[in-house]
Amino acid sequence: MELETLILIFLFVSVSTYLLMQSQLIDIIFGFALLSNGVNLMILFTSDNPDGKTVPIILGVAQANFADPLPQALILTAIVIGFALTAFMIVLALRLFGQFGTTETNSYTKIDPDD
Amino acid sequence: MISISLPIITPLIFMVITGFLHVDYWRRKMALIGVLLHTCICAFLLWTCRHGEIKIAVVGEWLPPYGIVLLADLFACFFLFSISLVFLATNIYSLGEARDQPVHVLRIPLIFILQSGISLSLLTVDFFNLFVSFEMMLAASYALVSLELPEKYLKWAFSYLLVNLIGTLGFLCAAAMIYGYTGHLNMAAIAGLIKEQQDNPLILGWGYLLLGVFGLKAGIFPLFFWLPRTYSHLPPSLTALFAGTLTKVGVYVLIRMFVMVLPGPLLSLNGGILITSVLTMLLGVLGAIASTTIRGILSYHIISQIGYMILGLSLYTPLAIASALFFIIHNIWVKVSLFLIGGVARQAYGSDDLKKMGNLSILMPCLGAFFLVQAFSLIGFPPLSGFWGKYLLVSESIRLEYYFVAAVALLTSWLTLFSMLKIWIGAFWQNSNNKIHVKKLYKLKEKYISIGILVFASLALGFGAETMYQKATLAAQQIFQKEAYVQVIFSKTTGKGTR
C-alpha cells in the first residue's frame, strides 16, 4: 500500500499547488482543502505500517505488537483544524465577493488605492 | 505544578467571561483584570525560575514522553513575561481607543484566545501540541485581522490567512516526518535520540523545513511580503500587539528548535540562516526608508529587527543566543510602544502620512519625549536598552570573525537612525498648517499610561543591563544543555501508562 499512498500524496500536493497559484478565490480554497488532505495522508504514510499488528485496545492483559494509534489522533485533530479554517476561508471569500463583486483576485489590485 | 498551566488557563477563563458579558463597561474591566492577572502569573513564574530551574507539568499525569509535557525554563519565562506586559499595555491603550469609536464585541475574547495560544506555544515541549497552540494563536489573529481591517484592505486578510495556512501545513509535514523517524513527539525525547546525527541528511532537510515554516511566521527575508501590508492597516493597539507577539513567537520557536532539538550546529543550515539574517536586516530597513507613513516605517522595521534576532541564532554560541534574547525582549517593548505612539500621533491628525503632520513636539511634548527615548533605544544609543543587545550581537560576530555581518548590522543601525529621524522631523518637528483634531484628544490618560509602562520597562532594561545580561546568559546556557531537559522530563516515573 505504501507506493499507492505515496502516489496519492504526490497527486494531492501537485494538484493543490497548481490550484493555489490560480487567481480565482474558489480555486485557492479548493487548493487549500486538497493540500490539507495531502498532508494528512502524509502523516499516515510516515507512521508505521500496521500490517500484522493488533488493534491497540487493552483488554485485561496488555499485549505487545500494537499498531500505533497516535497518527490517527493527529490526523483527526488536523482534519478538524483544516475543516474549520476552510470554513473561515470561505466566509472571508464571501465577504470579499460582497465587497468587490468578483472572486477574481487580479481585479482587486485595481480597486486598492495603495497599489 | 499548577503554576505552569496557569498562563494558559487564565486567559481561557477570561475569554469565556468576557465573551458572555453584555455590558461594555464590565467587559473592559474584566479584560483589564484578566491581562493584569496574567502578567502577575508570568512575573511569578519568571521569579521562580530565576536561578535556572526547569519546571515541568505533566498533563493528565500520563508519563512522559508519551504524555504532553509543559515546561518552563528561564528562556520561556522571559518571553512569557515580556509578551504578557505587551498584552497589558495594549489592553490599557485600547480602553482609550474604545472611547473614540466602538470596538467590535469579539475583540476582547479573541485577544484572550491569542494570549492563551501564545502562552501554550511558549511552554509546550510537544510537537503536535505546538501545532495546535500555533493554530489557536493564528486562528485568533485571522479573526482579528478580518474583523478589524478596513473594508478596502480586506484582500490582505485573505493573503495573510493563506500564507499562514500554508506555513501551518508545512509544520504539520515536519511534525509527521520527525514522528515517523523517531517515534516521538516530545522535543526533549527527540533531542536525546538525534543528538549525534549531525550529518544525517534527513535531519538537515527537516531543519530547512522548520526554518521555512517558522521563518514565514517570523517574517525573514524572502518570506516577509505579507507582513507590512497586513499589519500597517490595523487599529494601533492591534498592530502593536501583533508586532510584539506573533513574529517573536516565530523567532522563539526557531531558537528552541535549532538549539534545543536539532543536533549541534548544522553547518550549511547555519550559513543559510546567516545570509538570510543579513538580507532580512538590510531589506527591512530599506523598505522602512521608502515608506512615508509612521505605521509603514515601523512595520518594515519589524522585519529588519527580526534579522538581528536570527543573526544571534546563526552564530550559535551561548553568548550569541543570550544577546539575541536580550535584543528580543528590548525589541518587543520598544517596538510596541513606538506603534502606540504612532497611534496617538495618527489620532491627532486623522492620518499618519508624514507629509501631512508636524508640530507634535510643541503640541504633545510628553509624546515627543517618549518617542525620542524609544526611537533612540531602537537605533541603539547607549545606555538605552537597544544598545546592549546590538553591542553584544556585533561584538560576538566580530569575535567569530564575521566582519561583513558586523558591518551590515552597524549599517542597518545607521539606516534605522535615518528612518527614525524621518518620523521625528515629519511628525514632531516640521511646521504644519494642518489643524489638529483637538476634539479627539480630550482623554489621552490611558494611552499615556500604556506607553509609559513600556517606556519604563525598556529604560529599566537598559539601566539594569548587567543583571539582565547575566540572566540572559544563564537562560542561553541552559537551552544548550539537552541532557538537563531529558533528565528533568524523564525524572517523572509515577503516573498513568508505561514507557
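The values are calculated or read from the model by the stated rules, or taken from the named source; none is laboratory data. Since we're looking at a predicted model, the values are computed, not measured. Backbone-built Cβ (ideal geometry, glycine too); neighbour counts: all protein chains shown. Side chains are part of the model used for accessible areas, which takes the heavy atoms of the whole protein and leaves out ligands, DNA and RNA. Shrake-Rupley method; radii C 1.70, N 1.55, O 1.52, S 1.80 Å.
Considering helices alone, the calculated mean residue ellipticity of chain A at 222 nm is -23500 deg cm²/dmol, with DSSP H runs of length four and up weighted by -39500 (n - 2.57) and normalised per residue. Across peptide A:71-83, the mean count of Cβ atoms from other chains lying within 10 Å of each residue's own Cβ comes to 3. Just so you know, the averaged projected area of the alpha carbon convex hull for the protein assembly as shown sits at 27.7 nm². Between 0 and 90 degrees, the angle of helix B:465-480 with respect to the longest Cα principal axis of chain B falls at about 40 degrees. With a sphere of radius 14 Å drawn around the Cβ of A:A93, what net charge do the other residues whose Cβ falls strictly inside it have (Lys, Arg +1; Asp, Glu -1)? That works out to 0. For B:L106 and B:V59, FRET efficiency with R0 = 45 Å and r from the beta-carbon atoms, rounded to 0.05? Efficiency computed from Cβ-Cβ geometry: 0.95.
Here is the interface size for A with B: some 2900 Å² of accessible area buried, both sides summed, with a 1.4 Å probe.
Which parts of segment B:321-348 would a label at B:A290 reach, counting a residue when its backbone N lies under 15 Å from a point 7 Å out along Cα-to-Cβ? Hits in segment B:321-348 for B:A290 at 15 Å: none. Mean separation of Cα pairs under 8 Å and 6 or more residues apart, divided by the residue count, gives chain B a relative contact order of 19 percent. With r as the distance between the Cβ atoms of B:E483 and A:A73 and R0 = 35 Å, compute the FRET efficiency 1/(1 + (r/R0)^6) and round to 0.05. It comes out at approximately 0.75. Need one number: the % of Cα-Cα pairs in chain B sitting beyond the 32 Å mark. Counting every Cα pair in chain B, those more than 32 Å apart make up 37 percent.
Of A:K53, B:K482, the order by accessible heavy-atom surface (1.4 Å probe, DNA, RNA and ligands excluded), from most exposed downward, is A:K53, B:K482. What spacing in nm lies between the two simple spin-label points modelled at A:I90 and B:L363, each 7 Å away from Cα in the Cβ direction? Label-label distance for A:I90 and B:L363, simple model: 4.8 nm. Once the chain from B:Y25 to B:Q430 is taken as fully extended at 0.36 nm per residue, the excess over their C-alpha distance is 141.9 nm. FRET efficiency for the pair B:L410 and A:N65, taken as 1/(1 + (r/R0)^6) with r the Cβ-Cβ distance and R0 = 45 Å, rounds to 0.15. The calculated P(r) of segment B:300-413, using every Cα pair and 5 Å bins from 0, goes 2, 12, 21, 21, 14, 11, 8, 6, 4, 1 in percent. At full extension, B:T467 and B:K355 could sit 36.1 nm farther apart than now, given 0.36 nm per residue minus the alpha carbon distance. In straight-distance terms, cross-link reach from B:K445 covers every one of the lysines whose alpha-carbon lies under 20 Å from its own, apart from those fewer than eight places away in the same chain; here that gives B:K29.
How far is helix B:24-48 tilted, in degrees, relative to the longest principal axis of the Cα atoms in chain B, given as a value from 0 to 90 rounded to the nearest 10? It works out to around 50 degrees. Each eigenvalue of the Cα gyration tensor of chain A, multiplied by 5 and square-rooted, gives one semi-axis; in descending order these are 41, 16, 8 Å. Size descriptors for segment B:116-254, from the alpha-carbon set: Rg then Dmax equal 16.0, 53 Å. Measuring heavy-atom accessible area with a 1.4 angstrom probe and counting protein chains only, the residues of segment A:16-42 that give up at least 10 Å² relative to the chain alone are A:L20, A:L25, A:I28, A:F32, A:L35, A:S36, A:V39, A:M42. Counting only other chain Cβ atoms within 10 Å of each residue's Cβ, the peptide B:172-178 averages 6.
With Cα atoms defining each centre, segment B:452-489 and segment B:120-188 are spaced 26 Å apart in the structure. Note on A:Y18 and B:S3: the model spin-label points, each 7 Å out from Cα along the C-beta direction, lie 5.8 nm apart.
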